[in-house]
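Encoded as structure tokens, the structure appears first; notes follow it.
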Amino acid sequence: MAGDRSVLNGSALGGRSRWADVDGPVHYLDFGGPARGPLIVCVHGLGGSAVNWAAIAPLLTSRYRLIAPDLAGHGLTRAAGRDCGVFANRALLHRFIETVLVSSRGPVSSRGPATAGQSVILMGNSMGGMVSLLEASASASTVSALVLVDPALPFAFARPDPLVATLFALYGTPGLGGVLRSLRRDASPDASVARLLSLCCADPSRVPAQTVAQHVEMERRRTEFPDRSQALNSAMRSVVQTIGRGRGRTYRAIVDSVGCPVLLLQGDRDRLVPVSVARSAARAHPDWTLAVLPGVGHVPQLEVPRETAQLIIDWLGSSGRSAPDTPRSGSSLRAAVGMARRSLGRAARTRVNRRRRSIRSRD
């Protein structure tokens, strides 16, 4: 299957829809950007898709080339008998990069394997952060920098959100998990997206309406896939097993072996990955750069795309500039963090004032 064959209306999903042959069809979105600019490969999280990057992509493509694959069992990449676990998807990501990237100084294509010495910036959210860490460890020459957005990190003591803990337990319980998956299948695309955003965002209303519509369109297309629930459950078990007591030490050793520059972005109201986990990881890796986004949930790239993009741009121009970009000073990144905090603080105060006025008008 030709990698540059567009089969979907790009505007419906936020980027140009393409396919690559990576031991079977793999769907990805090409968000564009300068042909000779640094290439960022965006890796979505559990139950997500390439559309998860649609809000932030236009804010980065003036400097960077962005592409985002759908991992096996996610988005439009059907499982089709493939393993949907994180280690298998790490291998798929690696082959995707080799297949799709011909030259980091030329347009994205799939005419052949990448040549030696070429590298990409990996940007991963949630499970995608885990997959990106695995790839950076297994293939250090392929990854020049990591941008981790609320990633699934090695276990650290933290009180889990009660709803999230209950959902994970129920999905893993024989019988009950099947009932929940059946209910999820029966929900409309709009309802499914609304429920997911309410879980992942501190304030779902901040997600741009166009981005919500793009997620609904992706969910609508996925309703035709009979194996999507099994793929999600397989991926979920894999994530839990990887960070759990059994494989937890192995995963921690893998994370410790990563040598490229790392930017760790974390919402402080994330219900899936508590901010204390990110802070613990940053303490264990003092060479990492941690930026905490106040009042933000699990998907900053959707909830506060402008602030998130600015942090990424400033970091890639300073601490992460092993990926070529216009150099900036470290003080520029600190200023961007402060600006993001002030911006988010003003937005939070505005929402509170609106609620107060609404209450007063009702009284």
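Table for the structure above
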quantity: Index of the failed condition, ASP270 passing every other in (1) buried (at least 21 other Cβ atoms within 10 Å of the Cβ); (2) among the acidic types (Asp, Glu); (3) in contact with a helix residue (DSSP H, G or I) (Cβ under 6 Å, 6 or more places away or on another chain); calculated: (3)
quantity: Filter result (in a helix (DSSP H, G or I) and hydrophobic (A, V, I, L, M, F, W, C)) within segment 39-69; calculated: ALA50, VAL51, TRP53, ALA57, LEU59
quantity: Residue ID - nearest to the chain's Cα centre (by Cα), chosen from residues in segment 73-102 that are assigned to a loop (DSSP other than H, G, I, E, B) and farther than 20 Å from VAL240 by Cβ; calculated: GLY75
quantity: From ALA12, ALA114, residue being more than 30 Å from ALA209 (Cα to Cα), modelled with pLDDT under 95 and among the small types (Gly, Ala, Ser); calculated: ALA114
quantity: Of all residues making up segment 255-290, the number that are among the hydroxyl-bearing types (Ser, Thr, Tyr), touching a Leu at 6+ places or on another chain (Cβ under 7 Å) and over 16 Å from GLU307 (Cβ atoms); calculated: 0
quantity: Pairs with Cβ under 7 Å, 6+ apart, first in segment 177-203 and of a type outside the set (A, V, I, L, M), second buried (at least 17 other Cβ atoms within 10 Å of the Cβ) and modelled with pLDDT under 90; calculated: GLY177/TYR171; GLY177/ASN233; ARG181/SER229; ARG181/ASN233; ARG184/SER229; ARG185/SER229; SER192/ARG184
quantity: For HIS285: the one exception among (1) within 24 Å of ALA202 (Cα to Cα); (2) modelled with pLDDT of 95 or more; calculated: (1)
quantity: Which numbered condition GLY15 fails, given (1) in contact with a Lys or Arg (Cβ under 9 Å, 6 or more places away or on another chain); (2) closer than 26 Å to ARG220 by Cβ; calculated: (1)
quantity: Restricting segment 232-258 to residues that are of a type in the set (Gly, Ala, Ser) and either in contact with a Phe, Trp or Tyr (Cβ under 9 Å, 6 or more places away or on another chain) or exposed (fewer than 15 other Cβ atoms within 10 Å of the Cβ) (or both), the residue that is modelled with the lowest pLDDT; calculated: GLY246
quantity: Test result for SER229, small (Gly, Ala, Ser), in contact with a helix residue (DSSP H, G or I) (Cβ under 7 Å, 6 or more places away or on another chain), part of a helix (DSSP H, G or I) and modelled with pLDDT of 90 or more; calculated: no
quantity: Hits in segment 19-37 (condition: touching a strand residue (DSSP E or B) at 6+ places or on another chain (Cβ under 6 Å) and either touching a residue at least 60 places away in the same chain (Cβ under 8 Å) or assigned to a loop (DSSP other than H, G, I, E, B) (or both)); calculated: ALA20, VAL26, TYR28, ASP30, GLY33, GLY37
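The values are calculated or read from the model by the stated rules, or taken from the named source; none is laboratory data. Remember, predicted model here, so these are calculated numbers, not experimental data. Neighbour counts are summed over all protein chains in view; Cβ atoms, including those assigned to glycine, are modelled from backbone coordinates with ideal geometry.
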